[in-house]
Structures are given as C-alpha cells and as structure tokens.
Amino acid sequence: MRDVLVAIIVLGGLPFVFTNPQIGVLLWSWLGYMNPHRLGWGFAYNFPFAAIVGAITIVALFVSRKQLVFSWPPIIRWLVFLNIWFLITTIFSLQPEDSWPQWQKVAKIQIVIFITLWVMGTKERIHSLIWVIALSIGFYGIKGGIFTLTSGGGDHVLGPTGSFIAGNTEIGLALVMVLPLIWYLYLNTAQTWIRAGLILALLLIPVAIFGTQSRGALLAIAAISFFIWLKSRKKLVPLIIILLMMPLLLIFMPQQWHDRMSTIVDHQEDSSAQGRFQAWKFAYEMAVARPLTGGGFESFNAENYERFSPGLVGAGTGKYHDVHSIYFEILGEHGFVGLTIFLILGFLTWKTATRIMFLTKTSHPDKWAYDLAAMIQVSFVGYAVGGAFLGLAYFDLGYHLLVILVLTLRILEQPSP
C-alpha cells in the first residue's frame, strides 16, 4: 500500500512539474530527504522516482514560459568551482572505477541545487522548500523520538535505508541541522494547531538525536542549543526547552548510552575514536602526497592506506577506517585545493547570512528573512561541529541551505516595484 501511495503522489505530480519546475524541486527534495519509497517493501523500494522527477524538471526548465532568473554572486562561482574541482579530481583519481559512480551521484545532487537557484526565487517558494526539508527529515526525528521514549533509549535511531543519512551518526547530524529550521517555521507560522505540532517536533527531535547514540551528534546539538537561543528573536521557548529537556534526557538515557558518550573524553580507550584518528592521519598523508587532487572520490580504501600510511590497515581491528569527518573527507579525496574551496564556501555562507540579518534587523515585513538567515547559521554551526566527526561532505542539505540564503538575499536586494 505504501508503494502505491508513493507512486500515486510522484506520478500524479509529474504533469504539474512540466509547467511548474518549482514543483519538481519540491518533489525531488521530498524523495531525496525523506526517501518515502524506502518505507515500503514492494516495487517502489528501488524504483528511480528521483531520477524521473529530476529529468522532467530539467525538461520543464526549457518548456516553461514563466520567467526564470539565475544570478552569479561570488558564492555561486565558488560552488561552480568546487564542482569543476570534483570533476578534475575524479579524472585523476587513484580508483576511477569507484570514483566515477560517486561523482555521478554527487553531480546529480548538485544539478538539483543549481535548479533550485534558478526556480525557487520567491519568498513563498523558499518557505515551501523549508517546509518540505523540515518535514522530510523531521519525520525521522518525530518517529525516532517516540521510539527512543518507548524503548528506553537502548537501541539506535536510524535513518532511511540506502540514503546519505541511513546510519545513526548521519541521521543524528541531519536532525541537528533541521532542528533550527523547525524553530524558524514556528516563528513564522500563525496557525495555532500547526505551531503546536512544531513544538511537539521541537521536543521529540532532541530525544531522537540522543537516541541515535552518536557522539558527534551530541556535540553538535550541544553547540546549536546555545546558538538557537543566542540568535533567536524569541528566546524564552528555546531556553525552557534547553534548561528542562537536556537534564531530563541525561537522566532518562540508559547506562550504556552514558558509557558510550563518556568516550568523547576518554577517547584513548575507544577503538572507534582511534580509528577516526588513523583515518584523519591517512587523509592528511594522502593529501600531502597528492596536494592538488587528493585521491579522488572513494579513496579511503585498503590499497591507498597501504600506499600512503602503511601499518594503519589492520591496526587494532583488522580493517581500514572510513574518514568520519567532512574536512578530512574533502582533504583526502580532493586535496588542499578542494578543502580550501570547501572552507571558503562555508565562510561565504556565514557572511551571506550575516548580510541578510543586517539588512532585516529592524524591518518587520522582512522578519522572516532575519529568522531564516539566523537559523541557517545555527544549522551550519551544527554541521561544522558534528561534521568534524561525520563524513557528510556531499550531503544535499548544506548546499541547499547555501542556495536558499543566496535566493533570500537576492529577494531583499531587488528594487521595490
């Protein structure tokens, strides 16, 4: 039944995509973030819904008679440069048979990111995209929060199968990033019953983040808790949630959770933490050996470990370790050039949000833009902190939020009619 429902929604929406490519972006985002087809067990599980929606959305760009606007601020030029660099490092990859499939996957995501920049250039469309992203990922936070409460916190909360955020650490970081967006929606929603639902989500998602048992996600939610309060126009509700929920959650979680979290400090005794350090050392040494291009996509493998860091493979566990860090992932796979571009994008994203907040701080009609920029900054705080311990450098959400900021600033700087 679930398979049929997803198929009806997607296939039924395709005719509207032809004349409204923004619907294609919303539909693709729902499929990409929530992965609803993975919630079934029949034909829809592996059906290429996202590819079909993406292809028709591209066609819609050419057949739509509505005016579409595309801009090239510096941050977008750097994003283009990053994608060009991904292609270059793939051409010179140490393992081209593995790198090209991953490049294709990343390129498809980036194409939709640029389509978003092209077609979602109004306040209403931006707001609808935030709703889709927040609800798609937030679904797993609400579901995971209930699961954690009913199971006593003894089992891991996981994300949608076969996605970027399938694992407990990945869904933990995604939930951290989406939590500020839900607060933004609460601040800019008038209907009482919807606000009540958003408050419920704000209560359950932190429970789910704890329930992932991800140490990186714990550090990330600790970081954003302060920044949500600091950057929000209304500070009482987040302060109450932080002061009341965090101690209660710490008391509620079982001893095995506390034992796992304690390894954040006592990392010398934790094999997982030591594996991360080994992977980071390997990434650095591979980047030093290949400073321009790194090893290319999917270069964290046994052969490259033996080549650039002999002795690390098999140390302790008999296996080589994946990177578990957005920074070392980019460094190892795309060299110092790739890491520099990646960090510049992060700086320009923060700067764009700051610019929006400066322009709208005293403007009541534009308070939505102020709230959005502030909460996206908080999302990036979570991404920067949690991403230091999780390998999600190519996850759609960070790039989508970057483009949303660009669109928001463009709206604000357009001359009034």
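The values are calculated or read from the model by the stated rules, or taken from the named source; none is laboratory data. Everything numeric here is computed off the predicted structure, so don't read it as measured data. Every residue, glycine as well, gets a Cβ built from its backbone with ideal geometry; the counts of neighbours run over all protein chains shown. Heavy atoms of the whole protein, side chains included, go into the accessibility calculation; ligands, DNA and RNA do not. Shrake-Rupley method; radii C 1.70, N 1.55, O 1.52, S 1.80 Å.
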Inset, instruction - Would you check which residues across the stretch 1-29 are farther than 11 Å from Ala44 by Cα and not aliphatic (A, V, I, L, M) and list them? - result: Gly12, Gly13, Pro15, Phe16, Phe18, Thr19, Asn20, Pro21, Gln22, Gly24, Trp28, Ser29
Legend entry - Single residue of Ser71, Ser99, Ser93 found to be part of a loop (DSSP other than H, G, I, E, B), over 19 Å from the mean Cα position of the chain (by Cα), over 30 Å from Ala369 (Cβ atoms) and not aromatic (Phe, Trp, Tyr): Ser93
Inset, instruction - Look through the stretch 106-165, keep the residues that are assigned to a loop (DSSP other than H, G, I, E, B) and aliphatic (A, V, I, L, M), and return whichever of them is most open to solvent (accessible area, probe 1.4 Å). - result: Leu158
Inset, instruction - Evaluate the stretch 204-216: report whether one residue or more is in contact with a Lys or Arg (Cβ under 9 Å, 6 or more places away or on another chain), surrounded by 14 or more Cβ atoms within 10 Å (Cβ to Cβ) and within 20 Å of Val132 (Cβ to Cβ). - result: yes
Inset, instruction - Considering each residue of the stretch 58-83, count those that are modelled with pLDDT of 90 or more and touching a Gly at 6+ places or on another chain (Cβ under 9 Å), and give that number. - result: 1
Inset, instruction - Looking only at the stretch 371-382, decide whether some residue is at pLDDT below 95, in a helix (DSSP H, G or I) and within 22 Å of Arg77 (Cβ to Cβ). - result: no
Inset, instruction - Could you tell me which of the residues Val4, Val53, Val10 is of a type outside the set (D, E, K, R), over 19 Å from Trp118 (Cβ atoms) and touching a Phe, Trp or Tyr at 6+ places or on another chain (Cβ under 7 Å)? - result: Val10
Inset, instruction - Would you check if Ala196 is closer than 22 Å to Ile113 by Cβ, open to solvent by 20 Å² or more (accessible area, probe 1.4 Å) and without any contact (Cβ under 8 Å) to a residue 12 or more places away in the chain? - result: no
Legend entry - Any chance Gln274 is closer than 26 Å to Arg260 by Cβ and open to solvent by 50 Å² or more (accessible area, probe 1.4 Å): yes
Inset, instruction - Tally the residues that are under 17 Å from Lys108 (Cα atoms) and among the charged types (D, E, K, R), restricting the search to the stretch 370-403. - result: 1
Inset, instruction - With the condition kept exactly as written, say whether any residue in the stretch 33-43 is open to solvent by 60 Å² or more (accessible area, probe 1.4 Å), modelled with pLDDT of 90 or more, more than 20 Å from the chain's Cα centre (by Cα) and of a type in the set (Phe, Trp, Tyr). - result: no
Legend entry - Pick from the stretch 9-28, criterion among the aliphatic types (A, V, I, L, M) and within 21 Å of Ile137 (Cα to Cα), ranking: most open to solvent (accessible area, probe 1.4 Å): Ile9
Inset, instruction - With respect to Ala60, determine if the residue is touching a His at 6+ places or on another chain (Cβ under 7 Å) and of a type in the set (Gly, Ala, Ser). - result: no
